[in-house]
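Peer 1: Handing you a structure now.
Here, each number is a calculation from the coordinates, and none is a lab measurement. Quantities reported herein were computed from a predicted structural model and do not represent experimental measurements. Every residue, glycine as well, gets a Cβ built from its backbone with ideal geometry; the counts of neighbours run over all protein chains shown.
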Amino acid sequence: MAMVDLKSPEGTVSGYLALPKKGHGPGVLVLHAWWGLNDFFKSLCDHLAKAGFVAFAPDLYHGATASTRDGAGHLMSKLDQKEAGGNLVSGVRGLQSHPGVRGKHLGVIGFSMGAFWSLWLAQELPADVTAVVLFYGTGDGNYSHITAAFLGHFAETDEFESPAAVRDLEKDLRTRGEDLTFYTYPGTTHWFFEKDRPDAYNAPAAKLAWQRTIRFLTTQLSGESARD
């Protein structure tokens, strides 16, 4: 459970890696929100490891983090999209080749900005991404060839994601006929899952979303751990 440089033939990407006590399990990629790879997202990897997964969170900002909206917006605006995409592909390949990861099919969890990138990965690497968890984030794209199952957690009142955007994404993903479940949590706003955002954190909703997430990942990736 530390910062590492994950290597693969596609390249090297820095990020936070957490391993289960048994040392192996299905792989899950954690994609941080616009705040950067802060302590919350690192602790999330630790919790995933306790649940039996090998979790890796790529650091898309190369060590930079922000605690204010203005600071986070500035970091996100400077993000090189091509470089970020390359780092995410390298993260997938690096995680797949890690000796502790069982199976080649991975789960991805994305938060806000990270949810956008999760959808991008599902399109870019459809043979590798089996399960995608979205937290209050959407994105446009061509989902005609995706194969992943999707779980979405959305806020009831969200200044960044309109109900129409969520409905449109759900409609687009449903055309594939794949496993898809979207939840909207009453009384919540954007970032309701993130404990370090006291203005938005909603403990009951976060607990329920976490239970649903672990159940979903366990179900979708159970075939990977069975290959021990």
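Peer 1: What fraction of the DSSP beta bridges in the chain is antiparallel, stated in percent and rounded to the nearest 5?
Peer 2: 30 percent
Peer 1: Label points 7 Å out from Cα along the Cβ direction at Asp140 and Arg167: separation in nm?
Peer 2: 1.9 nm
Peer 1: Ranking request for peptides 134-140, 24-30, 195-201: highest mean number of other beta-carbon atoms within 10 Å first, then the rest in descending order.
Peer 2: Peptide ranking by packing, descending: 24-30, 134-140, 195-201.
Peer 1: On to the next question. Figure the gain on full extension for Ser67 and Gln96 (residue separation times 0.36 nm, minus the Cα-Cα span) and round it to one decimal in nm.
Peer 2: Gain on extension, Ser67 to Gln96, equals 7.3 nm.
Peer 1: Kindly provide the helix-only [θ] at 222 nm of the chain, computed as the sum of -39,500 (n - 2.57) over DSSP H runs of four or more divided by all residues, to the nearest 500 deg cm²/dmol?
Peer 2: Per the formula, -12000 deg cm²/dmol.
Peer 1: Using the structure shown, list the pairs from Lys50/Lys78; Lys7/Lys207; Lys22/Lys78; Lys50/Lys82; Lys21/Lys195; Lys22/Lys195 with a Cα-Cα distance above 31 Å, or answer none.
Peer 2: Going by Cα-Cα distance, Lys50/Lys78; Lys7/Lys207; Lys22/Lys78; Lys50/Lys82 fall outside the 31 Å limit.
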